[in-house]
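All of the numbers you see were taken from the coordinates with simple rules; none came from a lab. Not measured: the values here are computed from a predicted model. For neighbour counting, all protein chains shown are included, and Cβ atoms are generated from backbone atoms with ideal geometry for every residue, glycine included.
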Amino acid sequence: MEYTDAPSAQTETPIPEQDAQGKLATAEGQASDAVAVLLSVIPGLGHIYKGHKVIGLLLMFVGTITAVALALLTATFTAGFGVLVLPIYWIAVMMHVYAIQDRVSPGANDAGEEY
């Protein structure tokens, strides 16, 4: 007779799942969304933290300069209300960095936590 609630005689070791790029889906390979959002106080820095370096640099140098220029341009003919475009841009960058997948993976020499 076989008991169904008894532990199995064989111990199975779980195999970590891999994503499409072959990186292991472990906690060590994940960037924190909250840290990325906080780093986005400087637009683009959160993207760089999550591994999207090209997008981060573009947002940092091209996107921010363009957003400031457009805000100043619209502020000239809207009695200063055009400056409200900047917080919209800033919040949009934060929402985007929160939503994108990370590209951060542990280094080749990373052995994980050692006790």
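Scanning the stretch 79-90 for residues that are farther than 21 Å from V41 by Cα and out of contact with any helix residue (DSSP H, G or I) (no Cβ under 9 Å at 6 or more places or on another chain) returns A79, G80. The set of residues in the stretch 49-91 being free of Cβ contacts under 8 Å to residues at least 12 places away in the same chain, among the hydrophobic types (A, V, I, L, M, F, W, C) and closer than 28 Å to Q101 by Cβ consists of V54, I55, V62, I65, I88, I91.
Which of the following residues is in contact with a Gly (Cβ under 6 Å, 6 or more places away or on another chain) and of a type in the set (S, T, N, Q): T78, T64, T74?
The unique qualifying residue is T74.
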